[in-house]
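Below is one structure, written out as structure tokens; the observations come after it.
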Amino acid sequence: MKYLYAQNWHNQEELPQANFVCGYCGSKTGNNKGYIYDFLERHREIAIYICPVCGRPSFKEYDNMTPGSSYGQSIINLPDTVQSLYDEARNSYQVGAFTGVILICRKILANVAVYYGAEDGKNFVSYVDYLVNQGYVPEKSREWIDKIRTEGNSATHNQTAKNKEDAQRILDFVQMLLLINFTFNSDYNNSENNN
């Protein structure tokens, strides 16, 4: 991403201080400069803030900032088939597509199982079993991994859309699985090989 210079936005006004996570660069930041929405009377709850880190504009409407921030953290050492889906899930969260987040997380779990040797094209329960039986997920964690399956089923077969809290919970589960299996295990194996 190319960074812009915040000072190159001309005619900025003084605004009420807003602290936010920039939806472009991910910086936890704040600013009191930008552009106010002015219609008959000054609505100071609607404005455009310029990120002082990357120089990109964020639209604030009351308590909502657009673009929103991604949920979760960047994870290193992911295989491409998992990385692209994890990024897609985080981007879906950023735009409020919470049902999509859950469906993508379900696919991430299947892709992780296949990456580690499970047969492709099987049902989802077989992927959960494979990950647990092969030690990629502790037996005690089977229940929360299976929660990804049940929430995915609910997202697919029920008329009710999933909400932000559902998406956060499932992304937390997936993030933990990915961190343990790809980041921490990789870091440990690399340090063992260097000794």
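No value in this document is a laboratory result; all are computed from the given coordinates. What you see is a predicted model; the values in this text were computed from it and never measured. Neighbour counts are summed over all protein chains in view; Cβ atoms, including those assigned to glycine, are modelled from backbone coordinates with ideal geometry.
For the reader, a short list of remarks on this structure follows.
- Net charge of the neighbourhood of residue 68, taken over other residues with C-beta under 14 Å away and scored Lys/Arg +1, Asp/Glu -1, is +3.
- Within the chain, helix-based [θ] at 222 nm, where runs of 4 or more DSSP H residues each add -39,500 (n - 2.57), nearest 500: -13500 deg cm²/dmol
- The convex hull drawn around the Cα atoms of the chain, when projected onto a plane and averaged over every direction, covers 15.0 nm².
- Per residue, the Cα convex hull of region 80-184 amounts to 93 Å³.
- Residue-wise HN-Hα couplings along region 168-185, as the Karplus relation 6.51 cos²θ - 1.76 cosθ + 1.60 with θ = phi - 60° gives them from phi, are 4, 4, 5, 5, 4, 4, 5, 4, 4, 4, 5, 4, 5, 7, 10, 8, 5, 5 Hz; Gly and Pro carry x.
- GNM on the chain, alpha-carbon springs under 10 angstrom: the most fluctuating residue among 120, 129, 146 is 120.
- Dipole of the chain [Lys/Arg +1, Asp/Glu -1 at C-beta], most positive-end residue of 73, 184, 52: 52
- The distance separating the Cα centre of region 1-35 from that of region 117-167 comes to 39 Å.
- Taking the inverse of the mean 1/r over every pair of distinct Cα atoms in region 6-66 gives a Kirkwood hydrodynamic radius of 11.5 Å.
- Proximal aspartates and glutamates relative to residue 140, as straight alpha-carbon distance under 14 Å, when same-chain residues fewer than 8 apart are discounted: 129
- With a threshold of 19 Å on the Cα-Cα distance, the over-threshold entries among 2/33; 33/60; 107/162; 107/147 are 2/33.
- Shown for region 20-132 is the translational diffusion coefficient from the Stokes-Einstein equation, using the Kirkwood radius over Cα pairs, a temperature of 4 °C and a viscosity of 1.567 mPa s: 79 µm²/s.
- Proximal charge balance of residue 106 [Cβ under 13 Å; K/R count +1, D/E count -1]: 0
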